[in-house]
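J.: So that we are looking at the same thing, I have put the structure below in structure tokens.
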Amino acid sequence: MNLEKCTTICINTLIPHITLAFPFYSDLLESNIAADLSRLVSDIKSFEIICNGFSKLKGKENCIAMNFLDGYNDIYKMHYLVHEGILKPYQSKITENGSYVPHMTIGRFGTEEEMEMAFKKLENENWNFKTIVKSIFIEEIGKNEESIITNEIFLKN
């Protein structure tokens, strides 16, 4: 069955997460998305990311994110790579001209005020996050905004 769904391509779909392709609506079959992404990332090796420090992402999302110390360029390249195939028509207008800023979202808030309060609690913290990126996930966003992982695509070892 070919149902219209909202799909996003993420490295990790639980908070914290890194979004490579922002949510979009389409009638693309998940199997076609997975096959295309597998082809596009087939030569990409697993890589390390290190994050430290926090940023506020104001506007529609009102998010707090961790900043990259290492892995920034790898994530940046992957964002644009996943849009070279069948996802090209779904490239976000915000990032289509090279303006994607890699970050690891750690929280989303209903209002800017809620985000500001949370940020004040974090701004003096010195959290470090380090991991090896070994795969990307294809995620559908459910009717209640729940995360539904539909596929995992592994990078080269």
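J.: Just the residues that are of a type outside the set (Val, Ile, Thr) and over 18 Å from Ser99 (Cα atoms), please, taken from region 45-65.
T.: Across region 45-65, the qualifying residues are Lys45, Ser46, Phe47, Glu48, Cys51, Asn52, Gly53, Phe54, Asn62.
J.: To continue, here is another question. Quick check, is Phe154 closer than 19 Å to Lys45 by Cα and among the aromatic types (Phe, Trp, Tyr)?
T.: In short, yes.
J.: Ok, one more. With respect to Ile149, determine if the residue is modelled with pLDDT under 95 and in contact with a Phe, Trp or Tyr (Cβ under 9 Å, 6 or more places away or on another chain). Lay out the reasoning, then the answer.
T.: Working: modelled with pLDDT under 95: yes; in contact with a Phe, Trp or Tyr (Cβ under 9 Å, 6 or more places away or on another chain): yes.
Yes: the conditions hold for Ile149.
Quick grid of which residues meet (1) of a type in the set (A, V, I, L, M); (2) loosely packed, with under 14 Cβ neighbours inside 10 Å; (3) farther than 23 Å from Leu155 by Cα:
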| position | (1), (2), (3) |
| --- | --- |
| Leu28 | yes, no, no |
| Phe47 | no, no, no |
| Ser92 | no, no, yes |
| Met117 | yes, yes, yes |
| Phe129 | no, no, no |
| Glu139 | no, no, no |
| Lys143 | no, yes, yes |
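J.: Here's another thing I want to ask about it. Here is a list: Leu3, Leu14. Which entry is of a type in the set (A, V, I, L, M, F, W, C), at pLDDT below 85, more than 17 Å from Ile136 (Cα to Cα) and loosely packed, with under 13 Cβ neighbours inside 10 Å?
T.: From the options Leu3, Leu14, the qualifying one is Leu3.
J.: So, one more: Scan region 94-110 for residues that are modelled with pLDDT of 85 or more and exposed (fewer than 14 other Cβ atoms within 10 Å of the Cβ) and jot them down. Give the steps one after another, and end with the answer.
T.: Filtering region 94-110 for residues modelled with pLDDT of 85 or more gives 94-106.
The answer is Ile94, Glu96, Asn97, Gly98, Ser99.
J.: Show me the strands (runs of 3 or more DSSP E) found entirely inside region 79-157 where at least 2 residues are under 17 Å from Tyr25 (Cβ atoms) and touching a residue at least 40 places away in the same chain (Cβ under 8 Å). Explain how you work it out, then say what you get.
T.: Values: elements: 104-108, 128-133, 135-141, 147-154.
Ranges flagged: 135-141, 147-154.
J.: Restricting to region 62-112, count the residues that are of a type in the set (Lys, Arg) and within 13 Å of the chain's Cα centre (by Cα).
T.: The qualifying residues number 1.
J.: Quick one: is Asn67 at pLDDT below 95, within 17 Å of Ile106 (Cα to Cα) and touching a Cys at 6+ places or on another chain (Cβ under 9 Å)?
T.: Spelling it out, Asn67 is indeed at pLDDT below 95, within 17 Å of Ile106 (Cα to Cα) and touching a Cys at 6+ places or on another chain (Cβ under 9 Å).
The values are calculated or read from the model by the stated rules, or taken from the named source; none is laboratory data. Bear in mind the structure is a predicted one, so any value in this text is a computation, not a measurement. Cβ atoms come from the backbone with ideal geometry, glycine included; neighbour counts cover every protein chain shown.
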